[in-house]
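Contents: one structure, followed by commentary.
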Amino acid sequence: MQKPKKYVLCVAIDLIPSIASPFSVGIGQIEEGLDRARVANVSASVGLGRSLFFGEAASFRPIHLKPMPSFSGDLLDESQAHGDALVHLEGDDTSDLARAASELLLSMPAWRERWRIDGFRKKNEDRDGKWLTRNLFHFVEGFGNPDTVRELFDRSAVSPGSGEPAWANGGSYQVIRIVRFSTDFWDRDPAHEQERIMGRRRDGRWLDGTPSAEQPNFAADPHGRATPLDSHVRLAVPDRRNPPPMVRRSYSYDRGDGDSGLIFSCFQRDLIQGFETVQRRLEGERLAKYILTIGGGYFFVPPPGNGWIESLSHT
């Protein structure tokens, strides 16, 4: 996984039903669209939604791919959720991203835009091999990602023998969640209270004094005196020495009029073992009253290269 760039633009797209042979035509156009979108300093990738694999194409669908459910506390807006595919553009200039998206959509007449969202990474920095950013709640995040390329692959990539279609080996399940932050409400709390809700200091240090680069021993704090039992990080990963098998890559967003928050994104080889296990553990967390998930979806990011396009375009 490459260094994240400063800005992101996510565009969800749907196949237009009236196009003849929509699946094969649509898959073929994805290749051309991505090539045209990859202008200077812009990286482009695509994730495929469950709804894309219909009819004869259903046999090629990744086995765990499904529509993203609504979890406790979610209020999903269908105009900002799901899609046949999700194009993910990253760059260091917003005008480059806008031009890349325009080029992409012009070269894909079998597709239409469903929704889009753009985001940014504040203080996008490398610290001890981890790419960190500061979210709109003032907290540095990204410490939970692995340190090595091998571990990144082990957590996120589908491997042969997992029961997936052959074309999907090396790919990854992506979860994207548009999470609105109640920043005005949040900022009424003092910093020390925010840190107890999160379970870490704003700069990433642990509440029990453990350095940010090390793992705290929650078992030594069974009553939550140092790190509250209902804090975000403690519920999400109760055993820091056994992290969930997923890799995060999130951005902040701000659409004005109080609509700002996090474009949460993570990658895993198994949705249930990765994101869904963590999400269900978070039910009842104190952070819940400050956030609201309003959109996003589940997608499957194909392996590198264009071999998967050739496999699917012949269905």
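The values are calculated or read from the model by the stated rules, or taken from the named source; none is laboratory data. This is a predicted model, so every value here is computed, not measured. Ideal geometry is used to build each Cβ from the backbone, glycine not excepted, and the neighbour counts take in all protein chains shown. Accessible surface is based on the protein model in full, side chains and every heavy atom, while ligands, DNA and RNA are left aside. Shrake-Rupley method; radii C 1.70, N 1.55, O 1.52, S 1.80 Å.
Yes or no: the stretch 67-82 includes at least one residue that is touching an Asp or Glu at 6+ places or on another chain (Cβ under 7 Å) and modelled with pLDDT of 95 or more. Within the stretch 67-82 (the criterion being touching an Asp or Glu at 6+ places or on another chain (Cβ under 7 Å) and modelled with pLDDT of 95 or more), the answer is no, since none of the residues qualifies. Here Thr94 fulfils each of the conditions (1) modelled with pLDDT of 95 or more; (2) crowded, with 16+ Cβ neighbours inside 10 Å apart from (2). Taking the stretch 174-221 as the range and being touching a Leu at 6+ places or on another chain (Cβ under 9 Å) and either closer than 16 Å to Asn145 by Cα or free of Cβ contacts under 8 Å to residues at least 12 places away in the same chain (or both) as the test, the residues that pass are Gln174, Val175, Arg200, Arg201, Gly204, Pro216. Against the numbered list (1) farther than 30 Å from Pro160 by Cα; (2) at pLDDT 95 or above, Ala220 comes up short only at (2). For Met246, are the conditions met, namely being surrounded by 20 or more Cβ atoms within 10 Å (Cβ to Cβ), at negative phi and touching a Lys or Arg at 6+ places or on another chain (Cβ under 7 Å)? Taking the combined requirement at face value, the residue satisfies it.
Filter the stretch 7-31 down to residues that are within 29 Å of Ser252 (Cα to Cα) and part of a helix (DSSP H, G or I) and give me whichever is most open to solvent (accessible area, probe 1.4 Å). Step by step, filter the stretch 7-31, then rank; the result is Glu31.
What residue, of Arg177, Arg205, Arg188, is surrounded by fewer than 16 Cβ atoms within 10 Å (Cβ to Cβ) and not acidic (Asp, Glu)? Don't jump to the end; show me each part of the working.
Details: Arg177 fails: surrounded by fewer than 16 Cβ atoms within 10 Å (Cβ to Cβ); Arg205 fails: surrounded by fewer than 16 Cβ atoms within 10 Å (Cβ to Cβ).
Selected residue: Arg188, the only one of Arg177, Arg205, Arg188 that is surrounded by fewer than 16 Cβ atoms within 10 Å (Cβ to Cβ) and not acidic (Asp, Glu).
Looking only at residues in the stretch 193-202 that are of a type outside the set (A, V, I, L, M) and touching a helix residue (DSSP H, G or I) at 6+ places or on another chain (Cβ under 6 Å), which one is most open to solvent (accessible area, probe 1.4 Å)? Of everything passing the filter in the stretch 193-202, Arg201 is most open to solvent (accessible area, probe 1.4 Å).
Conditions (1) touching a Cys at 6+ places or on another chain (Cβ under 9 Å); (2) assigned to a loop (DSSP other than H, G, I, E, B); (3) among the small types (Gly, Ala, Ser), marked per residue:
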position: Met68; (1), (2), (3): no, yes, no
position: Asp74; (1), (2), (3): no, yes, no
position: Val87; (1), (2), (3): yes, no, no
position: Glu90; (1), (2), (3): no, no, no
position: Asp96; (1), (2), (3): no, no, no
position: Ala100; (1), (2), (3): no, no, yes
position: Gly119; (1), (2), (3): yes, no, yes
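With respect to Ala226, determine if the residue is open to solvent by 10 Å² or more (accessible area, probe 1.4 Å) and not in a loop (DSSP other than H, G, I, E, B). Against the criterion (open to solvent by 10 Å² or more (accessible area, probe 1.4 Å) and not in a loop (DSSP other than H, G, I, E, B)), Ala226 does not qualify.
The residue that is nearest to Ser45 (Cα to Cα), among those in the stretch 298-307 that are at pLDDT 90 or above and not in a loop (DSSP other than H, G, I, E, B), is Val301. A search for C-beta distances below 6 Å between a residue of the stretch 277-298 that is at negative phi and any residue that is among the basic types (Lys, Arg), counting only pairs 6+ apart in sequence or on different chains, returns Leu292/Arg180; Thr293/Arg177; Ile294/Arg180.
For the stretch 256-297, residues that are touching a helix residue (DSSP H, G or I) at 6+ places or on another chain (Cβ under 7 Å), within 27 Å of Ala85 (Cβ to Cβ) and not in a loop (DSSP other than H, G, I, E, B) total 7.
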